[in-house]
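The values are calculated or read from the model by the stated rules, or taken from the named source; none is laboratory data. These numbers come from a predicted model, not from an experiment. Glycine also receives a Cβ, built like all others from the backbone with ideal geometry; neighbour counts cover every protein chain displayed.
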């Protein structure tokens with residue numbers, strides 16, 4: 001990133017900031033309050049008390065049963081379970097307060113959302129009805145397919161679109177027209193939920209921005225096979241005539257897994273996407289930039305070359321690198337969005353070509369301190385090798401907590417290297433690593449909430465390459481030490497990252 005971009009007052013990278021990584025599902029919300037209700041604002045206020053100006057989170061889409069936000073049912077839609085029912089009641093879109101859930105909170109919330117939609121249909125003001133119509137028209141590019149996809153998926157017992165009757169699987173026009181007629185009520189319910197999600201999200205964004213807190217989102221490079229986008233745009237993905245994947249995405253063996261990771265997402269037919277000037281990508285990025293001030297693109301290296309795995313392979317070991325048209329894509333994005341407030345997740349096997357692509361378009365990369373030790377002084381994650389155009393992290397959602405890393409992943413020699421490098425700190429972990437992240441020359445520094453709370457491995461968010469017991473962590477305000485805000489504010493002041501008074 002050049003100095004002009006860093007000094008551009010319109011850029012979110014124009015000043016030093018620090019922030020917290022916390023997905024909204026990790027907030028201590030109640031079912032009625034929802035993640036987009038009072039607890040989200042409480043967390044923004046907490047960040048302000050800490051002198052922090054960034055809230056980073058994971059993708060917001062509706063998830064499959066495994067809960068992974070990196071393989072959602074749509075890359076455009078918001079997860080309806082984040083909706084605040086109490087905020088709907090306050091807006092007059094629900095009769096009375098929602099009350100408390102029964103034994104099945106998810107079913108209870110769905111029933112409340114349906115009641116809210118019925119109330120809206122009967123009692124909404126002219127202005128509110130017009131707002132819903134404007135939303136529907138503005139988002140029609142993805143919304144119409146998504147609503148029908150979700151309604152059909154529910155009608156078929158939650159099964160993947162690959163298992164639907166062939167006319168629906170293959171999007172026969174007459175079958176789709178009949179489905180829209182038969183499932184009209186369900187389609188309109190889903191449309192209403194997306195409308196409510198956007199209103200509540202943008203209200204939260206305004207609340208944060210008014211307090212000088214930027215929202216930092218996350219966008220996976222790939223799309224889940226069972227998703228509205230793959231069903232609706234099959235020609236853009238490496239699928240056969242029955243919709244089955246021919247090749248899938250993943251990464252080769254690395255730090256996280258000896259056999260690599262076989263993600264299973266169908267790969268893009270890049271040559272087809274390029275023919276219309278990457279319209280789908282421009283709409284996707286534009287949608288995210290309307291929701292967030294900054295967007296991290298997960299697995300950035302896949303825009304230079306991606307790991308192509310035969311769909312028949314059980315692991316990622318049999319894959320191979322295939323070049324992607326990253327230069328052409330980011331040239332189109334840069335022409336559409338100026339500035340382009342995107343952070344490149346450039347972790348893993350990063351080559352000179354990947355670095356060149358990131359630098360060509362002035363995109364900050366990531367510097368994860370847990371990756372800094374165990375090598376020599378040339379390790380790019382060591383603070384003395386950090387760059388201004390980067391984001392410094394203690395760890396990410398894929399890492400162990402810093403306490404878990406210190407206690408369980410490092411041997412005595414590595415711990416000695418960390419202590420020596422950091423000047424034999426007197427503080428207990430994770431604070432020496434938090435301090436190093438704040439002290440970095442990187443314009444942005446982010447720490448997971450688990451590190452701020454000094455939590456161990458049992459509190460980590462995700463273990464890459466595993467499919468169970470991930471994405472479930474949630475904190476409670478009782479876990480927050482009374483002196484935490486003051487301690488973080490002092491670090492933000494000391495290293496020139498404080499926002500607010």
Check whether at least one residue in the range 136-157 is in a helix (DSSP H, G or I) and over 26 Å from residue 284 (Cβ atoms), and report yes or no.
yes
Within the range 423-480, count every residue that is surrounded by fewer than 19 Cβ atoms within 10 Å (Cβ to Cβ), out of contact with any helix residue (DSSP H, G or I) (no Cβ under 9 Å at 6 or more places or on another chain) and within 26 Å of residue 293 (Cβ to Cβ).
0
Return the residue satisfying two criteria in turn: it lies in the range 434-490 and is in contact with a strand residue (DSSP E or B) (Cβ under 6 Å, 6 or more places away or on another chain) and part of a helix (DSSP H, G or I), and of such residues it is farthest from residue 385 (Cα to Cα).
449
Could you list all residues from the range 47-61 that are surrounded by 20 or more Cβ atoms within 10 Å (Cβ to Cβ) and either touching a residue at least 24 places away in the same chain (Cβ under 8 Å) or touching a strand residue (DSSP E or B) at 6+ places or on another chain (Cβ under 6 Å) (or both)?
47, 50, 51, 52, 53, 54, 55, 56, 57, 58, 59, 60
So is residue 35 outside any helix (DSSP H, G or I) and outside the structural domain of residue 265 (by TED's automatic domain parsing) or not?
yes
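Evaluate the range 162-172: report whether one residue or more is in contact (Cβ under 8 Å) with a residue 24 or more places away in the chain, farther than 19 Å from residue 79 by Cα and in a helix (DSSP H, G or I).
Residues of the range 162-172 that are in contact (Cβ under 8 Å) with a residue 24 or more places away in the chain, as a first pass: 162, 169-171.
Those still in the list that are farther than 19 Å from residue 79 by Cα too: 162, 169-171.
Subsequent filtering for residues that are in a helix (DSSP H, G or I) retains 162, 169.
Yes, because at least one residue in the range 162-172 is in contact (Cβ under 8 Å) with a residue 24 or more places away in the chain, farther than 19 Å from residue 79 by Cα and in a helix (DSSP H, G or I).
Do we have residue 208 as in contact with a strand residue (DSSP E or B) (Cβ under 6 Å, 6 or more places away or on another chain), under 26 Å from residue 70 (Cα atoms) and not assigned by TED's automatic domain parsing to the domain that holds residue 33 here? Don't jump to the end; show me each part of the working.
Numbers: in contact with a strand residue (DSSP E or B) (Cβ under 6 Å, 6 or more places away or on another chain): yes; under 26 Å from residue 70 (Cα atoms): yes; not assigned by TED's automatic domain parsing to the domain that holds residue 33: yes.
So residue 208 fits the description; yes.
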Quick check on my filter: what residues within the range 96-124 are exposed (fewer than 11 other Cβ atoms within 10 Å of the Cβ) and within 18 Å of residue 198 (Cα to Cα)?
none
When (1) outside any loop (DSSP other than H, G, I, E, B); (2) farther than 30 Å from residue 157 by Cα are applied to residue 113, the one that fails is (2)
Considering residues of the range 193-248 that are assigned to a loop (DSSP other than H, G, I, E, B) and free of Cβ contacts under 8 Å to residues at least 40 places away in the same chain only, the residue surrounded by the fewest Cβ atoms within 10 Å (Cβ to Cβ)
241
